[in-house]
Amino acid sequence: MNNEISGEARKDIFETGIHEECGIFGIYSNESNVAEIIFYGLQALQHRGQESAGIAVSDGENILVYKDLGLVSSVFNHQNLAPLLGKIGIGHSRYSTKGRNAWKNSQPLFRTFRGQSFAVAHNGNLINTESLRAGQLKKGVKFETSTDTEIFASLIETSQKETIEEAIEEAISKVKGSYSILILTKDKIIGLRDPNGFRPMALGRKGDSYIIASETCALDIIDAVYIREIDPGEFLTIDKNGLRSQMIFPVDRKSMCIFELIYFARPDSYLFKKNMYEVRHRMGQELANESGSGADLVISVPDSGTPAAIGYSSASKIPYVEGFIKNRYIGRTFIQPSPEIREIGVKLKLNPLKDIIKNKRLVVVDDSIVRGNTSKQIVKMLYNAGAKEIHMRISSPPLVYPCFYGIDMAARTEFIANHRTVEEIRRFLGVESLAYLSIDGLVKAIGEPKDNFCFACFNGDYPVDVSEIIEYDKYSLESEIKKQSVEIS
Ligand code: SF4
């Protein structure tokens with residue numbers, strides 16, 4: 001179980017450059033053991049994090065946690081699910097945004113408050129971790145992980161409040177950043193969403209059971225009915241008395257991550273009561289309206305560019321075809337990446353359909369460009385396969401600024417749009433034309449007020465102050481942990 005693999009050793013040669021942060025799933029049932037249900041829920045949320053998976057259940061007295069590195073299906077089996085007996089529980093699938101990929105950093109985390117166990121599963125990223133950790137260290141707190149989640153858990157653990165609800169409220173008042181969090185105690189589940197509502201969180205019901213999940217696709221897989229989104233700033237408690245909702249902190253500015261709608265959330269999930277496939281389809285239509293191009297065919301960079309490519313096709317009346325076959329069986333590899341290996345990696349993943357695209361003028365739709373290297377390789381593959389012209393269309397604005405709220409993207413200087421104009425990027429890619437969807441086009445496609453969203457990675461307008469952070473560094477707490485270990489030993 002404790003087979004740590006360093007994050008550095010697990011580099012993926014198929015890096016897209018943008019990674020989601022985590023998926024969370026919790027269920028309160030009056031009927032049956034829930035571990036297997038959580039297992040299925042986590043599988044539906046696998047796209048949100050593939051580094052580790054864990055489940056914590058309570059039998060009414062004790063909390064049991066099982067977690068390990070790997071995909072949900074490789075971590076859990078009948079043998080290790082069977083002892084997880086309990087009618088309430090939470091689960092977590094992780095992609096690391098604070099702290100390396102290691103067993104000790106996997107979740108749910110297990111802690112105690114006034115002698116009572118609790119477990120925490122977190123989706124998001126806290127931004128005032130260094131100062132909070134320094135304060136806790138001064139109080140004599142010892143940290144076992146390099147995650148922001150442990151800092152949050154330690155604030156609860158060391159609180160002098162009478163009840164865990166009060167301790168959680170106190171902890172929330174101290175943290176800044178993004179968090180959709182599930183907390184399991186021996187007899188209840190508490191769901192929290194930060195006042196900005198950066199990360200999604202949905203409430204569902206199946207019979208007498210209540211479910212809280214990162215996305216509605218996790219409700220579908222267990223045939224639960226979607227009730228509503230957990231509101232930004234909501235503190236939701238589920239116990240034997242049913243549901244209790246409180247709004248603890250004022251919501252100054254809602255700012256859901258726009259990238260959830262562009263790319264992260266599964267196309268079959270719903271946000272703002274809207275299906276993500278349809279929203280992305282409209283993004284493609286807006287893209288065609290803003291920057292149409294004469295071409296013979298529209299193709300997508302699968303899979304994430306496909307709904308927008310089909311939308312582009314419907315608005316432009318240029319036929320959509322599959323231009324690539326995607327190999328879905330590769331998974332992650334542990335080869336140290338080099339430019340040559342990365343090139344092979346893209347080829348292994350995507351193979352152009354030569355007879356379809358030969359001598360054709362193509363509109364190629366993708367959802368984003370981060371560093372530009374993968375896009376350049378894709379363009380090269382299409383020209384090698386005989387494409388006559390390539391018109392690249394991106395269903396989001398240029399990525400310029402780093403994310404501090406839980407998306408692992410790149411350092412500021414690595415974004416190609418940070419230091420090149422659109423025309424310079426076009427020349428770098430070697431395409432006939434290049435256009436991005438505008439922020440206004442994006443908002444129009446979504447059909448919700450612009451004020452509901454965070455666009456910081458496009459325009460630098462950060463909804464929660466990040467001035468104390470110089471550059472996003474997911475390993476910033478590693479050195480603190482090492483220092484602490486030396487002091488202890
Ligand atoms: S900065 Fe970008 S990726 Fe990060 S929360 Fe805001 S919109 Fe999402």
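Which of the numbered conditions does PHE249 fail, given that it passes all the others? Conditions: (1) crowded, with 24+ Cβ neighbours inside 10 Å; (2) farther than 30 Å from GLU61 by Cα.
(1)
Please enumerate the residues belonging to the stretch 445-459 that are away from the ligand (no atom under 13 Å from the Cβ), out of contact with any helix residue (DSSP H, G or I) (no Cβ under 6 Å at 6 or more places or on another chain) and over 17 Å from ARG199 (Cα atoms).
The answer is GLY447, PRO449.
Only residues that are of a type in the set (Val, Ile, Thr) and either buried (at least 18 other Cβ atoms within 10 Å of the Cβ) or more than 16 Å from the ligand (Cβ to nearest atom) (or both): list them for the stretch 371-401, please.
THR374, ILE378, VAL379, ILE390, ILE394
Output the residue which, of all residues in the stretch 409-440 that are farther than 13 Å from ARG371 by Cα and within 16 Å of the ligand (Cβ to nearest atom), is surrounded by the fewest Cβ atoms within 10 Å (Cβ to Cβ).
ASP440
Might you check whether a residue that is within 20 Å of the chain's Cα centre (by Cα) and at pLDDT 95 or above occurs anywhere in the stretch 431-451?
Within the stretch 431-451, one or more residues are within 20 Å of the chain's Cα centre (by Cα) and at pLDDT 95 or above.
Would you confirm whether any residue within the stretch 227-244 is within 22 Å of the chain's Cα centre (by Cα), away from the ligand (no atom under 16 Å from the Cβ) and within 16 Å of GLY23 (Cβ to Cβ)?
Yes, because at least one residue in the stretch 227-244 is within 22 Å of the chain's Cα centre (by Cα), away from the ligand (no atom under 16 Å from the Cβ) and within 16 Å of GLY23 (Cβ to Cβ).
Residues that are in contact with a Ser or Thr (Cβ under 8 Å, 6 or more places away or on another chain) and closer than 30 Å to ILE88 by Cβ, at least 2 per element: which strands (runs of 3 or more DSSP E) completely within the stretch 236-328 meet that?
Result: 242-247.
Right, SER131: of a type in the set (Ser, Thr, Tyr), in contact with a Lys or Arg (Cβ under 7 Å, 6 or more places away or on another chain) and in contact (Cβ under 8 Å) with a residue 12 or more places away in the chain or not?
no
Any residue at all in the stretch 31-45 that's in contact with an Asp or Glu (Cβ under 8 Å, 6 or more places away or on another chain) and modelled with pLDDT of 95 or more?
Taking every residue of the stretch 31-45 in turn, at least one turns out to be in contact with an Asp or Glu (Cβ under 8 Å, 6 or more places away or on another chain) and modelled with pLDDT of 95 or more.
With respect to GLU260, is the statement that it is surrounded by fewer than 23 Cβ atoms within 10 Å (Cβ to Cβ) and within 17 Å of the chain's Cα centre (by Cα) true?
yes
Would you confirm, using the coordinates I've provided, whether ARG266 is within 19 Å of the chain's Cα centre (by Cα), within 16 Å of the ligand (Cβ to nearest atom) and either in contact (Cβ under 8 Å) with a residue 12 or more places away in the chain or at negative phi (or both)?
So ARG266 does not fit the description; no.
Can you tell me how many residues in the stretch 383-430 are more than 27 Å from ALA265 (Cβ to Cβ), at pLDDT 95 or above and within 23 Å of the chain's Cα centre (by Cα)?
Count: 0.
Which condition does PHE259 not pass, out of (1) in contact with a Phe, Trp or Tyr (Cβ under 9 Å, 6 or more places away or on another chain); (2) within 16 Å of the ligand (Cβ to nearest atom), if it passes all the others?
(1)
Find the helices (runs of 4 or more DSSP H) located wholly in the stretch 127-209 whose residues include 1 or more that are aliphatic (A, V, I, L, M) and buried (at least 24 other Cβ atoms within 10 Å of the Cβ), and list them.
148-157, 164-174
I'd like the full set of residues that are in contact with a strand residue (DSSP E or B) (Cβ under 7 Å, 6 or more places away or on another chain) and of a type in the set (Val, Ile, Thr), limited to the stretch 358-377.
VAL363, VAL364, VAL365, ILE369
Mind checking which pairs have a first residue in the stretch 284-307 that is outside the structural domain of SER375 (by TED's automatic domain parsing) and modelled with pLDDT under 95 and a second that is crowded, with 22+ Cβ neighbours inside 10 Å and not in a loop (DSSP other than H, G, I, E, B), Cβ under 8 Å, 6 or more apart or different chains?
none
Can you find a residue that is assigned by TED's automatic domain parsing to the domain that holds ILE330, free of Cβ contacts under 8 Å to residues at least 40 places away in the same chain and under 30 Å from SER214 (Cα atoms) anywhere in the stretch 431-444?
Among the residues of the stretch 431-444, at least one is assigned by TED's automatic domain parsing to the domain that holds ILE330, free of Cβ contacts under 8 Å to residues at least 40 places away in the same chain and under 30 Å from SER214 (Cα atoms), which makes the answer yes.
The values are calculated or read from the model by the stated rules, or taken from the named source; none is laboratory data. These numbers come from a predicted model, not from an experiment. Ideal geometry is used to build each Cβ from the backbone, glycine not excepted, and the neighbour counts take in all protein chains shown.
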